[in-house]
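Below is one structure, written out as structure tokens, with a few remarks after it.
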Amino acid sequence: MKQLSIIVLFILLFASCSSGVNRDNVTQKQDTTIVFSKVAVLQLPFPEELRDSAVHIFNTDMSVFATFEYDSVSEETRCKALDGQIITYAPSWNLMDCFYEDYNAEYGKIRVGDSWELIRKDAIYEVHNLDSYFSSLEYWPNKTDVFYKEDLLTTIPHQDPSSMKCKIKKVKNDWFLVGDGNFEAWVRWKNGSHVLQDRIRYEI
């Protein structure tokens, strides 16, 4: 009987430890979730005296990650390393917008793909809160976009998503609440750090 009690106690202790490990793993996963709260609009075009030089983006160890360069033929300021890796990369419209965090008095952090890079604050035109930034923009769905109810599980069918020009009503992590006339639904606009391209439009 005593031996049976010891075995039962051992099983209970093992189950408790296993449960603790699982909880820790879940907590760790939740802690690594990135929540963006600010957007930086980069200073483009650069001042006249910088047209023939380069402006650097730095890694966090201050080595050079990439450079902005002015193309006098196209009259565009470009940085190829940002293409497809930030919220908006549209040199021809003088638009490069990134997720942003403050770093120190001289530098800010911009999100490029899955990593944070540093940029001088004087290369930033303005910084917005995420909600206020997107409330002034439109979402033009791709034909492959899927719409959802608030539970983000139940789909809402639409015959031709690419015909819509939606107002962005609310931002919730990777999701927008969008509306076009009487139609309202949630749609995924990014996957972690990666923004789905060619959907966010500026009102002209």
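The values are calculated or read from the model by the stated rules, or taken from the named source; none is laboratory data. Predicted, not measured: the structure shown is a model, and the values here were computed from it. Counting neighbours? That spans all protein chains shown, and the Cβs are built from the backbone with ideal geometry, glycine included. Surface accessibility is based on the protein's heavy atoms, side chains included, excluding ligands, DNA and RNA. Shrake-Rupley method; radii C 1.70, N 1.55, O 1.52, S 1.80 Å.
In table form, for the structure just shown:
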{"read-out": "Residue in region 116-123 that is among the aromatic types (Phe, Trp, Tyr) and open to solvent by 70 Å² or more (accessible area, probe 1.4 Å) present", "value": "no"}
{"read-out": "Any hit, region 144-159, residues being free of Cβ contacts under 8 Å to residues at least 24 places away in the same chain, crowded, with 18+ Cβ neighbours inside 10 Å and out of contact with any Gly (no Cβ under 7 Å at 6 or more places or on another chain)", "value": "no"}
{"read-out": "Output for region 86-104, where each listed residue is touching a Ser or Thr at 6+ places or on another chain (Cβ under 8 Å) and modelled with pLDDT under 95", "value": "Pro91, Ser92, Asn94, Leu95, Met96"}
{"read-out": "Number of positions in region 56-103 that are assigned to a helix (DSSP H, G or I) and either open to solvent by less than 80 Å² (accessible area, probe 1.4 Å) or among the aliphatic types (A, V, I, L, M) (or both)", "value": "3"}
{"read-out": "Top-ranked residue of region 94-148 - restricted to ones that are among the β-branched types (Val, Ile, Thr) and under 14 Å from the mean Cα position of the chain (by Cα), ranked as farthest from Ser162 (Cα to Cα)", "value": "Ile110"}
{"read-out": "Test result for Asp24, outside any strand (DSSP E or B), modelled with pLDDT under 95, closer than 20 Å to His194 by Cα and not aliphatic (A, V, I, L, M)", "value": "no"}
{"read-out": "Qualifying residue in region 182-193 (condition: touching a residue at least 12 places away in the same chain (Cβ under 8 Å), open to solvent by 60 Å² or more (accessible area, probe 1.4 Å) and within 15 Å of the chain's Cα centre (by Cα))", "value": "yes"}
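The rows are residues; the columns are (1) in contact (Cβ under 8 Å) with a residue 40 or more places away in the chain; (2) farther than 21 Å from Val41 by Cα; (3) in a strand (DSSP E or B).
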| site | (1), (2), (3) |
| --- | --- |
| Ala105 | no, no, no |
| Gly108 | yes, no, yes |
| Trp116 | yes, no, yes |
| Val127 | yes, no, yes |
| Tyr133 | yes, no, no |
| Ser162 | no, yes, no |
| Leu177 | no, yes, yes |
